[in-house]
Amino acid sequence: MLRLALIGCGGISHMHRERFSALADRMRVTVTADIDADRARRAAEEVGADLWVTDYEEAIPHCDAALIALPHHLHHPAGMAYLEGGKHVLMEKPLANSDVQCLELIGASRRARRTLMVAYCMRYHPLVPALKEAMEGGRYGETFRVSIWTEQLTEVAPDHWAADPEKLGGGQLFSHGCHYVDLLLYYLGRPVIGSHLGTNLGTPWMAREGTSDLILKFESGAVGYHGATWGARGSRLGYSIHVHTDQGMLEADISHGRLSFLRAGEETVLLDCGPLSKYGDREMAHFMDCIETGVTPITDGPDSVQGLRVIWRVYEAERQGKVADLHGLGLNQAGRRPAVREP
Ligand SMILES: NC(=O)c1ccc[n+]([C@@H]2O[C@H](COP(=O)([O-])OP(=O)(O)OC[C@H]3O[C@@H](n4cnc5c(N)ncnc54)[C@H](O)[C@@H]3O)[C@@H](O)[C@H]2O)c1
């Protein structure tokens, strides 16, 4: 039975808390931590933890692994404290706010021989691997374009950590787009060049961009696009992925949970798994499988750094008014992505 520490009991912790019960035969939350004592106490009551603390370091002796769901600037110090304390870490995305910090976390996990996994929850959504399988089978044609839209209204209070770009580590692309850069690399492989244009018009609560358009060109010649906004007061696209092939279009409608193939006005539904959910139990089950078997997580540190490097390079190129060179992102460029076991 894995003893899990829940570190950070804010917004995203509720998604995780709702799903712990599905894994009650394999894990239990023994301790919760939040600088806000009330949040730590309420989370402990809800998940049946024995202990709650306000200093996350005090939770280290009471767990085998930690789910770190803290503001981004705290991912590095908290992750280092847990890994150096010999604990496994499931880190909410993005891994950390700089390349150096990410590499330090990866190094610490290797030295301690502990699992370090990034909570890229979309990779555990059933539609995501199903779409990849459809793309790879050849049955639906050769892919030349993958477009991912995420449109939502996400307002941030002026005193919230996410309103401070130093703490957030960037703007909307870094904070939210990291999921979808990860998906574009998952679907299309190695990117070679890319561009990003962002704006905070429409999202004045963001110091940096709240709306983001990213385009990447891949070694295969295919292009990948991510269009996202935190300022959508209405949307038709919601969360969706469109894959154009030379035979038709594969559509993963994440908002409605449906994978379809469209061609000449006809739609064939390939998978219907219901409306959007973050599938935290599949993600947590994979984390536990990796701890138990020593297998590398499908969303591990090195893979996530590749995606973050894309973001840092397109940000820098945007500042300079150039197109980013994305060759040589390093780290695990081979297609090493084992299948996820069902919980
Ligand atoms: N996977 C997803 O789709 C998704 C969605 C939202 C957020 N997230 C990620 O989850 C993480 C947390 O985001 P959130 O939206 O829950 O933020 P939040 O602000 O709602 O929660 C953060 C919590 O950390 C606590 N905290 C702050 N400083 C602390 C400290 N020094 N010690 C202990 N606790 C401290 C805060 O009191 C708060 O309860 C981020 O990495 C974010 O990117 C992921």
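Taken over the range 122-171, the residue count meeting the criterion of being under 16 Å from L70 (Cα atoms) and outside any loop (DSSP other than H, G, I, E, B) is 7. Among L2, L23, which is at pLDDT 95 or above and more than 10 Å from the ligand (Cβ to nearest atom)? Unique residue meeting the criteria: L2. Number of residues in the range 157-189 that are touching a residue at least 60 places away in the same chain (Cβ under 8 Å) and more than 30 Å from E219 (Cβ to Cβ) equals 5. For the range 148-179, which residues satisfy the criterion of being more than 11 Å from the ligand (Cβ to nearest atom) and under 17 Å from the mean Cα position of the chain (by Cα)? Result: I148, W149, E151, G170, G171, Q172, L173, G177.
Matching residues to (1) over 30 Å from L74 (Cα atoms); (2) in contact with a Gly (Cβ under 6 Å, 6 or more places away or on another chain); (3) surrounded by 22 or more Cβ atoms within 10 Å (Cβ to Cβ); (4) modelled with pLDDT of 95 or more:
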residue	(1), (2), (3), (4)
L116	no, yes, yes, yes
H125	no, no, yes, no
E133	yes, no, no, yes
P165	no, no, no, yes
L168	no, no, yes, yes
F174	no, no, yes, yes
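Sub-6 Å Cβ pairs linking a first residue in the range 123-137 that is in the same structural domain as V181 (by TED's automatic domain parsing) and more than 21 Å from H176 (Cα to Cα) to a second residue that is surrounded by 17 or more Cβ atoms within 10 Å (Cβ to Cβ) and among the polar types (S, T, N, Q), at least 6 apart or interchain, are M135/T143, ordered by first then second residue. Beta carbons closer than 8 Å, at least 6 apart along the sequence or on distinct chains, pair a first residue in the range 222-234 that is basic (K, R) with a second that is surrounded by fewer than 24 Cβ atoms within 10 Å (Cβ to Cβ) for R233/L153.
Checked against (1) away from the ligand (no atom under 16 Å from the Cβ); (2) touching a residue at least 12 places away in the same chain (Cβ under 8 Å), H62 meets all criteria but (1). Of note, A96 does not satisfy the criterion of being more than 19 Å from the chain's Cα centre (by Cα) and either within 9 Å of the ligand (Cβ to nearest atom) or not β-branched (V, I, T) (or both).
The values are calculated or read from the model by the stated rules, or taken from the named source; none is laboratory data. Keep in mind it's a predicted model, so treat the numbers as computed, not measured. For neighbour counting, all protein chains shown are included, and Cβ atoms are generated from backbone atoms with ideal geometry for every residue, glycine included.
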